[in-house]
Amino acid sequence: MLLPNILLTGTPGVGKTTLGKELASRSGLKYVNVGDLAREGQLYDGYDEEYDCPILDEDRVVDELENQMSEGGVIVDYHGCDFFPERWFHIVFVLKTDNSVLYNRLETRGYNQKKLKDNIQCEIFQVLYEEALGSYKEEIVHQLPSNKPEDLEDNINQILKWVEQWVKDHSS
């Protein structure tokens, strides 16, 4: 494997997609948005009426990504992470956003009140950070702030430096 695999995770609205796309364009790594992948391949296992969204078929998503992940050089963007094989990722970044900023982002997306409230609580209780810590080795899980444009730039630079170092460390 010549390039590392990176997981971007966190509550919906924290900026995973913005970071992932920009990171891919600057690093040459391949970007995969799991939500888009599922939509394109109809990788669903029903519909959640309460949250007004399809239910991801996690096994089919893993099957769909397996070959790409074994080649390396992939940035995966998804809010959940406990169903991905641990061996896939060399580093995991959990984005964190202040509640007032996150609330505005989700409200702009048109989330219903329950979905909005549950996602804000998810962020307050750091549910996805805890999920990442429970799913991967603690030393590869890192939290990054994602509130303002400067954070985005800082995060991109930090991750690009990490990728560069990883490539140096793993080239023979």
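With a 10 Å cut-off between alpha carbons and a GNM built on the chain, which of T11, T97, T108 moves the most?
Ranking T11, T97, T108 by mean-square fluctuation puts T108 first.
What figure, in Å² to the nearest 10, do you get for the accessible area of D169 with a 1.4 Å probe and non-protein molecules left out?
Result for D169: roughly 100 Å² accessible.
Quick one: if you stick a label point 7 Å off each Cα along the C-beta vector at F83 and Q42, how many nm between them?
So the two model labels end up 1.8 nm from each other.
Gaussian network model of the chain, Cα springs within a sub-10 Å range: biggest mean-square fluctuation belongs to which of F84, F93, F125?
For the chain, modelled as a Gaussian network with Cα springs under 10 Å, the answer is F125.
With each run of n ≥ 4 DSSP H residues scored as -39500 (n - 2.57), what mean residue ellipticity at 222 nm is computed for the chain after dividing by its residue count and rounding to the nearest 500 deg cm²/dmol?
Working: 7 runs with 87 residues, N = 172.
Rounded to the nearest 500, the figure is -16000 deg cm²/dmol.
Consider a paramagnetic label point 7 Å from the Cα of R60 along Cα→Cβ; state which residues of region 25-45 have an amide N under 11 Å from it.
Under cut-off, by backbone N: 38-45.
Can you bin the chain into rounded, prolate or oblate? Criterion: square roots of the alpha carbon gyration tensor eigenvalues sorted a ≥ b ≥ c, rounded for a/c under 1.5, prolate for a/b above b/c, oblate for the rest.
On the way: a/c = 1.84, a/b = 1.29, b/c = 1.43.
Here the chain falls in the oblate category.
Hey, rough spin-label estimate for L2 and Y51, points 7 angstrom out along Cα→Cβ, what's it come to in nanometres?
Here the answer is 3.8 nm between the modelled labels.
Suppose R0 equals 22 Å; then what is the FRET efficiency for Q158 and E138 from their Cβ-Cβ distance, rounded to the nearest 0.05? Provide the component values of the computation, followed by the final result.
Details: r = 18 Å, r/R0 = 0.84.
Result of the calculation: an efficiency of 0.75.
Say the dipole of the chain comes from +1 at the beta carbon of Lys and Arg and -1 at that of Asp and Glu; which of L23, L37, L3 then lies farthest toward its positive end?
L23
Could you sort S172, S146 by accessible area so the largest value comes first, with the probe set to 1.4 Å?
The ordering from most to least exposed comes out as S172, S146.
For the chain, what is the accessible area per residue in Å² when the probe is 1.4 Å? Intermediate values should be presented prior to the final figure.
On the way: 9270 Å² over 172 residues.
I get 54 Å² per residue for the chain.
Of all accessible surface on region 6-164 at a 1.4 Å probe, what whole percent is carbon and sulfur?
46 percent
In the chain, once you exclude exposed GluC sites (Glu not before Pro) (DSSP loop, at most 15 other Cβ within 10 angstrom), what's the longest stretch remaining? Let's see the in-between values first.
Working: sites that count: E49, E50.
Looking at the chain, 51-172 is the longest stretch - no exposed GluC sites (Glu not before Pro) with at most 15 other Cβ atoms within 10 Å.
So how much slack lies between D169 and E71, counting 0.36 nm per residue of separation and subtracting their Cα-Cα distance, in nm? Walk me through the intermediate numbers first.
On the way: separation 98, 0.36 × 98 = 35.28 nm, distance 1.75 nm.
Result for the pair: 33.5 nm of gain on full extension.
State to the nearest 20 debye the size of the charge dipole of the chain about its Cα centre, where the only charges are +1 on K and R beta carbons and -1 on D and E beta carbons.
The dipole magnitude comes to about 600 debye.
Taking amide H positions as placed in the peptide plane 1.01 Å from N, state which residues far from I75 in sequence (5 or more) or on other chains have amide H under 5 Å from it.
I6, K30, Y31, V32
The values are calculated or read from the model by the stated rules, or taken from the named source; none is laboratory data. In this text, all values refer to a predicted model and were calculated from it rather than measured experimentally. Don't worry about glycine lacking a Cβ; one is built from the backbone with ideal geometry, like all the others, and counts go over all protein chains shown. For accessibility, only protein heavy atoms count, side chains too; no ligands or nucleic acids. Shrake-Rupley method; radii C 1.70, N 1.55, O 1.52, S 1.80 Å.
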